[in-house]
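A short reminder: the numbers here are calculations on the coordinates, not readings from a lab. What you see is a predicted model, and the numbers here were worked out from it, not measured in a lab. All Cβ positions, glycine included, derive from the backbone under ideal geometry; neighbour counts span all protein chains shown.
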Amino acid sequence: MLHEQIASALNEQIKLEAQSSHTYLAMAVWAETNGYDGTASFLYEHAEEERMHMLKLMRFVNERGGVAAVPPLTAPALDYAGLEVIFQSILEHETQVTASINAVVDQCLSLKDYTTHNFMQWYVAEQIEEEAMARKVLDKLALVGGDRGALYLFDRDILSLAGTSGA
Ligand code: FEO
């Protein structure tokens with residue numbers, strides 16, 4: 001049975017993952033309607049990935065005797081000044097997600113919930129990849145600068161540039 005504080009921390013994490021999915025979906029729509037089809041595909045896949053992170057947490061909470069939250073979400077921004085702004089915002093968001101996951105892990109240790117602690121290690125590892133991906137894409141965008149031809153290639157090749165299939 002989950003400790004009440006752990007259940008509540010996991011439900012907060014569920015909300016954060018759901019909000020991530022929602023935010024990346026809005027970014028994908030912006031990219032698709034502004035001519036960045038490769039980036040849009042990448043972001044749609046990333047939104048799906050975040051939904052999977054949310055579902056994995058939900059199933060765990062329910063299996064351990066808690067009740068998963070199905071939280072209301074905040075409307076994400078729909079307009080972006082460009083790809084650099086989007087990926088900077090993704091990096092900031094993922095850094096916040098990492099801090100939140102670390103806080104859950106901390107709580108597991110202080111309440112001696114080693115089962116949840118073990119479960120959360122998957123998220124700890126995942127965050128290393130997510131932050132690295134955002135940094136890698138920002139580095140590439142810095143190289144592209146204002147070169148429209150390079151930006152075209154960036155958008156075409158983003159799935160391989162990001163060092164991930166997007167899944
Ligand atoms: Fe599921 Fe990108 O954190």
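Within the range 29-46, how many residues turn out to be under 13 Å from the mean Cα position of the chain (by Cα) and crowded, with 20+ Cβ neighbours inside 10 Å? It would help to see each step written out before you state the result.
Applying the first criterion (under 13 Å from the mean Cα position of the chain (by Cα)) to the range 29-46 yields 42-46.
Now drop any that are not crowded, with 20+ Cβ neighbours inside 10 Å, which leaves 42-43, 46.
Of the residues in that region, 3 qualify.
Please specify each residue of the range 83-119 satisfying the condition of being surrounded by 15 or more Cβ atoms within 10 Å (Cβ to Cβ) and within 23 Å of Asn62 (Cβ to Cβ).
Of everything in the range 83-119, those that are surrounded by 15 or more Cβ atoms within 10 Å (Cβ to Cβ) and within 23 Å of Asn62 (Cβ to Cβ) turn out to be Val97, Ser100, Ile101, Val104, Val105, Gln107, Cys108, Leu111, Asp113, Thr116, His117, Phe119.
Please specify each residue of the range 9-33 satisfying the condition of being without any contact (Cβ under 8 Å) to a residue 24 or more places away in the chain and in contact with a Leu (Cβ under 9 Å, 6 or more places away or on another chain). Reasoning before the result, please.
To start, the set of residues in the range 9-33 that are without any contact (Cβ under 8 Å) to a residue 24 or more places away in the chain comprises 28, 32-33.
Scanning the range 9-33 gives Ala28, Glu32.
Do we have Leu2 as in contact (Cβ under 8 Å) with a residue 24 or more places away in the chain, of a type in the set (A, V, I, L, M), part of a loop (DSSP other than H, G, I, E, B) and surrounded by 20 or more Cβ atoms within 10 Å (Cβ to Cβ) here? Walk me through it before giving the result.
On the way: in contact (Cβ under 8 Å) with a residue 24 or more places away in the chain: yes; of a type in the set (A, V, I, L, M): yes; part of a loop (DSSP other than H, G, I, E, B): yes; surrounded by 20 or more Cβ atoms within 10 Å (Cβ to Cβ): yes.
When the stated conditions are applied, Leu2 passes them.
Output the qualifying pairs, or none if there are none: Cβ atoms under 8 angstrom, residues six or more apart or on different chains, first residue in the range 36-59 and under 12 Å from Ile158 (Cα atoms), second residue in a helix (DSSP H, G or I) and within 11 Å of the ligand (Cβ to nearest atom).
Listed by first residue and then by second, the contacts come to Leu43/Tyr24.
Report yes if Leu78 is surrounded by fewer than 20 Cβ atoms within 10 Å (Cβ to Cβ) and in contact with a His (Cβ under 6 Å, 6 or more places away or on another chain), otherwise no. Please lay out each step first, then the result.
Values: surrounded by fewer than 20 Cβ atoms within 10 Å (Cβ to Cβ): yes; in contact with a His (Cβ under 6 Å, 6 or more places away or on another chain): no.
Criteria not met by Leu78.
Yes or no, residue by residue, for (1) within 15 Å of the ligand (Cβ to nearest atom); (2) farther than 30 Å from Ala150 by Cβ; (3) of a type outside the set (A, V, I, L, M, F, W, C):
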| site | (1), (2), (3) |
| --- | --- |
| Ile6 | no, yes, no |
| Leu16 | yes, yes, no |
| Asp37 | no, no, yes |
| Ala40 | no, no, no |
| Arg51 | yes, yes, yes |
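What about Phe119, is it at negative phi, within 16 Å of the ligand (Cβ to nearest atom) and in contact with a Leu (Cβ under 6 Å, 6 or more places away or on another chain)? First the steps, then the outcome.
Details: at negative phi: yes; within 16 Å of the ligand (Cβ to nearest atom): yes; in contact with a Leu (Cβ under 6 Å, 6 or more places away or on another chain): no.
It is false that Phe119 is at negative phi, within 16 Å of the ligand (Cβ to nearest atom) and in contact with a Leu (Cβ under 6 Å, 6 or more places away or on another chain).
Of Ile101, Ile158, which residue is more than 18 Å from Ala47 (Cα to Cα) and either more than 13 Å from the ligand (Cβ to nearest atom) or touching a residue at least 60 places away in the same chain (Cβ under 8 Å) (or both)?
Numbers: Ile158 fails: more than 18 Å from Ala47 (Cα to Cα).
Only one candidate passes the filter, namely Ile101.
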